[in-house]
Amino acid sequence: MNEVFKYILMIVILLFTLTSIAAWLIWLERRLLALWQDRYGPNRAGPFGLLIVAADTIKLFFKEDWIPPFAEKAIFVIAPAIVAAAVLLSFVVVPFAPGILVSDLNVGLLFFLAMSSLGVYSIVLGGWASNNKYSLLGALRGASQMISYEVFMGLSLMGVVMLSGSFRLTDIVMAQTDLWFVVTQPVGFVLFLTAGIAETHRLPFDIPEAESELVAGFHSEYSGMKFGMFFIGEYLGIILISAMVVTIFFGGWLGPVLPPLVWFVLKTFVFIVLFILLRASLPRPRYDQLMEYGWKFILPVALLNLLVTGAFALM
Amino acid sequence: MDIAFYVTAAVTILATLLVITRHNPVHALLYLNVSLLSHAMLFYLLGASFAALLEIIIYAGAIMVLFIFVIMLLNLGKETAEQERKWLKWQVWAGPSLLAAVLFVELVILVSSSDGTAYEPAEVTPREVALSLFQVYLIGVELAAMLLMAAVVGAAHIGRHKRLVLHRFLKEEPEENVHEEEPVL
């Protein structure tokens, strides 16, 4: 009974922390973007504008939650929940520190890939159920982008699996006690980060929503808290990919002096800021450029990386 | 653990039944998705966690998305649902039901003739799956690889098209003409 209670407590704490961090990221992103673009950003509500998060949340809750009469009601309502659920489920296997994790699955890495592959449904179904041409175009782009980059994401991680000999994430972290995998698998790291940005469809790869071409892409018809779910799902995705990069390539909780959890949070924070910096600095590629880049450049490089790693692992 | 298995099995059967009785293609595909997810759950409960997650990654996460992608492009609306409703008469059900009934009888006989011991879930590690794929079933893997290669070549051939260039400046000219004077049009 005590064991079960411990797990439930862990899950509740995790849910609460993650959703509040995701909400707080909205403030962080707007402030950092402002800093890099030489303006102030939100600075009125509360100290440093921190209360903008509360204001935003209240606004989203009280907005009219409108379902267009021409939409497929059931699917329209389910779609935004899928992305948040899939991303939150992925956090089940993330090892934050020794003992601070929900489940140490022996196929943890595959579980993460499986959940991130289910996230595509929210885009496809949301875009289709909206019954709107812009949404449908966004959904089509999202589906092809996410299916393609899922392949590269899996391939880029297989080198790490080969070196550590396990799909279990704690084993992967422990295999980096002497040397981080970013040193032995630099190509894998770059490819995983690229694929991760495409999977969370963040700028510069936010082609499914591309507001200058498609209004708001797959979520054009969404308002109120349903839009909020897509929004929170995106920020949760940023946290997830950053946490996975840290776990797989940057030694997870390992580090001197400071306690393990602090190291993990610090490293993850660096990558979250990197995500925002990428948004501030890179323009969006064209849709066909993104697909060509994926299949004609990333795929061969990922396969080559796998081949070389395999040769080294055999030696 | 037993309760979890029976609940999941019930969900699987129900979802699969709904797949074949829905008139709207997208709804049918979504139920097929639920069915695949609960299949994965069944695999997991039986100890094959690797197969379970591959089922989600490949079937639920990739192949079903492509199915929905195509259905989405076709933009099948109310008319298709009407047509399906007209097509799905009881005569259509007779043949498949008969064949399924034969299978069901077979299943009942097999189950009743077994010695009644329950299957003991045993953990199947990814290593074991890999070893059986590349030792015992190597010929199957190679045949599948050949089939996929043929499919890829076919897809590349169908997908290839010559780009139609209308503007004379963008037309590709042979190498030797590049340095010559502009041809008189």
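Identify all residues within the stretch B:58-91 that are more than 14 Å from chain A (Cβ to nearest Cβ), part of a helix (DSSP H, G or I) and of a type outside the set (D, E, K, R); write none if there are none.
B:Gln83, B:Trp87, B:Trp90, B:Gln91
With respect to A:Glu213, is the statement that it is among the acidic types (Asp, Glu) and part of a helix (DSSP H, G or I) true?
Criteria met by A:Glu213.
Determine if the stretch B:92-101 includes at least one residue that is within 12 Å of chain A (Cβ to nearest Cβ), of a type in the set (Ser, Thr, Tyr) and either assigned to a helix (DSSP H, G or I) or farther than 14 Å from A:Leu118 by Cα (or both).
Scanning the stretch B:92-101, I find no residue that is within 12 Å of chain A (Cβ to nearest Cβ), of a type in the set (Ser, Thr, Tyr) and either assigned to a helix (DSSP H, G or I) or farther than 14 Å from A:Leu118 by Cα (or both), so the answer is no.
Could you list all residues from the stretch A:21-50 that are over 16 Å from the mean Cα position of the chain (by Cα) and within 24 Å of A:Phe230 (Cβ to Cβ)?
A:Trp27, A:Leu28, A:Arg30, A:Arg31, A:Leu32, A:Leu33, A:Ala34, A:Gly41, A:Pro42, A:Ala45, A:Gly49, A:Leu50
Which ones in the stretch B:110-124 are more than 24 Å from the chain's Cα centre (by Cα) and either surrounded by 10 or more Cβ atoms within 10 Å (Cβ to Cβ) or modelled with pLDDT of 90 or more (or both)?
Passing the criteria: B:Pro121, B:Glu123.
Residues checked against (1) closer than 23 Å to A:Ile238 by Cβ; (2) of a type outside the set (Lys, Arg); (3) surrounded by 17 or more Cβ atoms within 10 Å (Cβ to Cβ):
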position	(1), (2), (3)
A:Ile11	yes, yes, no
A:Trp24	yes, yes, no
A:Pro47	no, yes, no
A:Val53	yes, yes, yes
A:Trp66	no, yes, no
A:Pro69	no, yes, no
A:Ala81	yes, yes, no
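Inside the stretch B:30-48, can you point out the residues that are modelled with pLDDT under 85 and either facing chain A (nearest Cβ under 9 Å) or surrounded by 19 or more Cβ atoms within 10 Å (Cβ to Cβ) (or both)?
B:Ala48 - this is the single residue of the stretch B:30-48 that is modelled with pLDDT under 85 and either facing chain A (nearest Cβ under 9 Å) or surrounded by 19 or more Cβ atoms within 10 Å (Cβ to Cβ) (or both).
Name the residues in the stretch B:5-29 that are among the polar types (S, T, N, Q) and either at pLDDT 85 or above or at positive phi (or both), would you?
Scanning the stretch B:5-29 gives B:Thr8, B:Thr12, B:Thr16.
Conditions: (1) under 19 Å from the mean Cα position of the chain (by Cα); (2) small (Gly, Ala, Ser); (3) within 12 Å of chain B (Cβ to nearest Cβ); (4) under 24 Å from A:Val301 (Cβ atoms). A:Ser156 meets all but one. Number of the miss?
The one condition A:Ser156 does not meet is (3).
The values are calculated or read from the model by the stated rules, or taken from the named source; none is laboratory data. Quick caveat, the model's predicted, so the values are computed rather than measured. Glycine gets a Cβ as well: all are built from the backbone with ideal geometry, and neighbour counts include every protein chain shown.
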